[in-house]
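Colleague: Before we start, here is the structure in question, set down as structure tokens.
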Amino acid sequence: MSDACTGDACRTLNFNVGVLGHVDSGKTSLAKALSSTASTAAFDKNPQSRERGITLDLGFSSFTVDLPDHLREESGCRDYDNLQFTLVDCPGHASLIRTIIGGAQIIDLMLLVVDVVKGLQTQTAECLLIGEFTCPRMVVILNKTDLLAPEKRQAAIDKMTKRMHKTLESTRFKDAPVIAVAAKPGGPEAAEAEQPQGISTLIELLKSQTYLPRRDPSGPLLMAVDHCFSIRGQGTVMTGTVLQGALSLNDMVEIPALKVTDDYTVIGRNLFKKETNLQLFMGLKVALSTGEAGIIEGGFGQSGKFKIRVPGEGLCAGTKQLLSSSKKKAKGGSKTEPSKEDEASHSQPVSICLTFKRYVFDPHKKMIQS
């Protein structure tokens, strides 16, 4: 989406860059080293992200450069002045793959971040596969070069570069450039005075890799929702990328209510406290008291409610009837106050059982199911 200023003011072309890779490869440090402007969701501002030391949600930040000559020629009469890179910092943990895919849907170019010491890892390969489906261009970042011994550094970088080119031979990114950087020399605990290495070279490479994204300003508004969060005193804030149509400052946008019902989804309540980080429980199996088995698929903010997906044949007829009768009773109610026995019998017509090993060591603090 292009963000044009009125009158003689500048016109800025926006270009979305996804930062993907295996957990702890330095994606957030790279986004921080590149960015000059940060959103409320940038650089792991979520307290749970800081506590666990990994990215749990999409982070958004940006930096602006002069418009490259090849884009100026492509843009023609639109005459953009600046190019804004919006960085979409995606999680790297396997359990957050849905969040990763959500971030990849809006990117124009992918930065695949690789720990130069560890090389290609499990989620590196998964992110590469996601990139093949979602974006046409990619740049491989060999990060953490400061961890290599100085006398062996260049040889190790050359070896890893050859290995990445070999890996990319059979993909759509066979000609993707590979660049080595040290986004946070010394690691996360190092002093801020330590300057990143290779960032200016990376910015020039990114400028050369840009193209004019296809955006359709005509037709009805179509926006991909990237992030939804609350700000004290303001309420719920929704951010996104406009894929079709156009918006101007102070335009009113109406979001229609959307209700999707099917025979494969159950909304659970009262199993978790409101402050529970539901990301820890994503993908775990649960059992319904009516006999079905399901998988925890997602949560609803900090409400404590969560969504269960029942695969296979879905919910049986008896379960659907129980859930339906409970909803009707909750909505309709009665003039006479129900007894405590009636209230208890109808408050939870279907129980949910989650079984897992509570104290199992795991470096990422992920729940291990028994």
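Colleague: Against the condition in contact with a strand residue (DSSP E or B) (Cβ under 8 Å, 6 or more places away or on another chain) and either exposed (fewer than 15 other Cβ atoms within 10 Å of the Cβ) or small (Gly, Ala, Ser) (or both), how does Thr236 come out, does it pass? Before the answer, list the steps.
Modeller: Values: in contact with a strand residue (DSSP E or B) (Cβ under 8 Å, 6 or more places away or on another chain): yes; either exposed (fewer than 15 other Cβ atoms within 10 Å of the Cβ) or small (Gly, Ala, Ser) (or both): yes.
In short, yes.
Colleague: Tell me, please, whether a residue that is surrounded by 15 or more Cβ atoms within 10 Å (Cβ to Cβ), in the same structural domain as Val88 (by TED's automatic domain parsing) and out of contact with any Lys or Arg (no Cβ under 7 Å at 6 or more places or on another chain) can be found in the stretch 186-195. Steps first, please.
Modeller: Taking the stretch 186-195 and keeping what is surrounded by 15 or more Cβ atoms within 10 Å (Cβ to Cβ), we get none.
The answer is no; no qualifying residue exists.
Colleague: Another question, then. Which ones in the stretch 205-225 are farther than 28 Å from Arg72 by Cβ and outside any loop (DSSP other than H, G, I, E, B)?
Modeller: Residue satisfying the conditions is Val225 alone.
Colleague: For the stretch 296-319, which residues satisfy the criterion of being more than 25 Å from Phe229 (Cα to Cα) and either surrounded by 15 or more Cβ atoms within 10 Å (Cβ to Cβ) or free of Cβ contacts under 8 Å to residues at least 24 places away in the same chain (or both)? Step through it out loud before you land on a result.
Modeller: At the first step, the residues of the stretch 296-319 found to be more than 25 Å from Phe229 (Cα to Cα) are 310-319.
Result: Val310, Gly312, Glu313, Gly314, Leu315, Cys316, Ala317, Thr319.
Colleague: Another question about this same structure. Where residues in the stretch 140-151 are under 12 Å from Val117 (Cα atoms) and not aliphatic (A, V, I, L, M), which of them is surrounded by the most Cβ atoms within 10 Å (Cβ to Cβ)? Walk me through it before giving the result.
Modeller: Of all residues in the stretch 140-151, those under 12 Å from Val117 (Cα atoms) come to 142-149.
After this cut, where a residue has to be not aliphatic (A, V, I, L, M) as well, the list is 143-146.
On the way: Asn143: 26, Lys144: 24, Thr145: 20, Asp146: 19.
Among those that are under 12 Å from Val117 (Cα atoms) and not aliphatic (A, V, I, L, M), it is Asn143.
Colleague: Mind checking which residues of the stretch 261-295 are surrounded by 14 or more Cβ atoms within 10 Å (Cβ to Cβ) and of a type in the set (S, T, N, Q)?
Modeller: Answer for the stretch 261-295, where residues must be surrounded by 14 or more Cβ atoms within 10 Å (Cβ to Cβ) and of a type in the set (S, T, N, Q): Thr265, Thr276, Asn277, Gln279, Thr290.
Colleague: Let me ask you something else. Pairs needed: first member in the stretch 133-151, assigned to a helix (DSSP H, G or I); second member anywhere, acidic (Asp, Glu); C-beta distance under 9 Å; at least 6 residues apart or different chains.
Modeller: Close Cβ pairs satisfying both conditions: Asp146/Glu194; Leu147/Asp115.
The values are calculated or read from the model by the stated rules, or taken from the named source; none is laboratory data. Quantities reported herein were computed from a predicted structural model and do not represent experimental measurements. Neighbour counts run over all protein chains shown; Cβ positions are idealised from the backbone, glycine included.
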